[in-house]
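Peer 1: Pasting a structure below so you can have a look.
The values are calculated or read from the model by the stated rules, or taken from the named source; none is laboratory data. The structure presented is a predicted model; accordingly, all values stated were derived computationally and were not measured. No Cβ is skipped: glycine too gets one built from the backbone with ideal geometry, and neighbour counts run over all protein chains shown.
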């Protein structure tokens with residue numbers, strides 16, 4: 001199957017045997033387990049949080065993007081069902097990693113200092129080290145299970161780097177809304193160590209890239225429920241005005257470097273079968289971005305590319321998320 005075939009592969013054909021699950025009552029929701037793993041980062045050892053919904057099949061490890069953790073992405077339940085729930089129901093051993101500085105993971109010491117006192121913290125190399133620590137911990141618990149990486153947005157950078165550095169530990173790679181190198185000019189200002197993200201910063205992202213006449217994919221009530229949960233992910237958010245979440249600035253600095261023409265990861269060294277998947281209105285992962293990344297992944301054992309209608313960069317938090325789930329599951333099972 002060539003690249004053009006993959007671009008036009010009908011989604012319905014991929015999803016025939018993988019139907020969305022019905023909404024669940026709170027008492028029926030699968031239990032989640034939490035693990036912690038230590039990782040040495042920038043001179044300090046930090047505790048990372050792993051969330052798990054256990055299964056007996058292959059492992060799927062999800063890594064999030066630049067501004068919000070697992071509970072707000074792969075673990076977010078809409079209609080009583082999350083992507084973690086779906087993966088578990090499809091037989092996978094479903095895991096999610098919160099990078100240091102996010103969610104349930106430990107915050108670095110630099111978070112206690114003025115943001116301008118240090119350069120952007122938590123870049124893709126630090127992210128790759130954290131993924132490697134998570135893979136090692138999972139491998140000790142599931143020593144014979146294949147491990148697939150499922151990454152979103154900026155998280156696809158450290159995921160690719162980890163796949164390159166640990167080729168025997170990563171079985172398949174799913175790049176959902178990946179960031180890619182563009183032709184641009186370097187910025188003039190260095191990024192501080194961390195930054196603050198408010199609900200007002202996050203709220204418009206449900207509409208980014210959508211046509212002007214398209215409805216917002218989720219209701220205002222659902223969006224506000226998510227925004228409140230996002231603020232609650234940082235126990236210090238309510239002490240700030242406006243309430244906001246402190247996040248590492250390394251991911252944003254990485255993306256700026258990418259879009260200024262720097263190739264941070266040597267994509268040709270990725271050997272694993274790789275799926276690129278995104279929403280049709282994803283302004284972070286454009287057609288040109290995908291074409292370039294697809295070409296750069298020339299060493300992958302297999303490459304697939306799927307564009308899903310009716311969603312943007314937040315496709316996993318929108319109604320068409322079930323198509324994303326089915327597409328991903330089909331690739332991991334194939």
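Peer 1: Where the second residue is buried (at least 22 other Cβ atoms within 10 Å of the Cβ) and in a helix (DSSP H, G or I) and the first is on the phi < 0 side of the Ramachandran plot and lies in the range 128-143, which pairs have Cβ atoms under 7 Å and are six or more apart or on separate chains?
Peer 2: 128/158; 128/161; 128/162; 131/158; 131/159; 131/162; 132/162
Peer 1: Filter the range 43-73 down to the residues that are more than 21 Å from residue 254 (Cβ to Cβ), in a strand (DSSP E or B) and in contact (Cβ under 8 Å) with a residue 40 or more places away in the chain and list them by number. Lay out the reasoning, then the answer.
Peer 2: Residues of the range 43-73 more than 21 Å from residue 254 (Cβ to Cβ): 45, 47, 49-60, 71.
Filter once more, so that each one left must be in a strand (DSSP E or B): 45, 47, 49-53, 59-60.
Selection gives 47, 49, 50, 51, 52, 53, 59, 60.
Peer 1: I've got another one for you. Within the range 217-298, considering only helices (runs of 4 or more DSSP H) that don't extend past its boundaries, which have at least 3 residues that are over 18 Å from residue 73 (Cα atoms) and modelled with pLDDT of 95 or more? Let's see the steps before the verdict.
Peer 2: Details: elements: 220-232, 250-259, 287-296.
Helices (runs of 4 or more DSSP H) meeting the threshold: 250-259, 287-296.
Peer 1: Condition first: without any contact (Cβ under 8 Å) to a residue 12 or more places away in the chain and under 14 Å from residue 111 (Cα atoms). Now tell me which residues in the range 235-262 satisfy that.
Peer 2: Result: 235, 236, 237.
Peer 1: Of all the residues that make up the range 74-91, how many are assigned to a loop (DSSP other than H, G, I, E, B), in contact with a helix residue (DSSP H, G or I) (Cβ under 7 Å, 6 or more places away or on another chain) and farther than 17 Å from residue 230 by Cβ?
Peer 2: Here the count works out to 1.
Peer 1: While we're on this one: Is it fair to say residue 313 is modelled with pLDDT of 95 or more, within 17 Å of the chain's Cα centre (by Cα), surrounded by fewer than 19 Cβ atoms within 10 Å (Cβ to Cβ) and on the phi < 0 side of the Ramachandran plot? Walk me through it before giving the result.
Peer 2: Working: modelled with pLDDT of 95 or more: yes; within 17 Å of the chain's Cα centre (by Cα): yes; surrounded by fewer than 19 Cβ atoms within 10 Å (Cβ to Cβ): no; on the phi < 0 side of the Ramachandran plot: yes.
No; evaluated as a whole, the condition is false for this residue.
Peer 1: May I pose another question? I'd like to know if the range 195-203 contains one or more residues that are farther than 20 Å from residue 296 by Cβ, without any contact (Cβ under 8 Å) to a residue 60 or more places away in the chain, more than 12 Å from the chain's Cα centre (by Cα) and part of a loop (DSSP other than H, G, I, E, B).
Peer 2: Taking every residue of the range 195-203 in turn, none turns out to be farther than 20 Å from residue 296 by Cβ, without any contact (Cβ under 8 Å) to a residue 60 or more places away in the chain, more than 12 Å from the chain's Cα centre (by Cα) and part of a loop (DSSP other than H, G, I, E, B).
Peer 1: Please work out which one of (1) in contact (Cβ under 8 Å) with a residue 40 or more places away in the chain; (2) under 20 Å from residue 154 (Cα atoms); (3) surrounded by fewer than 20 Cβ atoms within 10 Å (Cβ to Cβ) is the condition residue 78 fails and give its number.
Peer 2: That leaves (2) as the condition not met.
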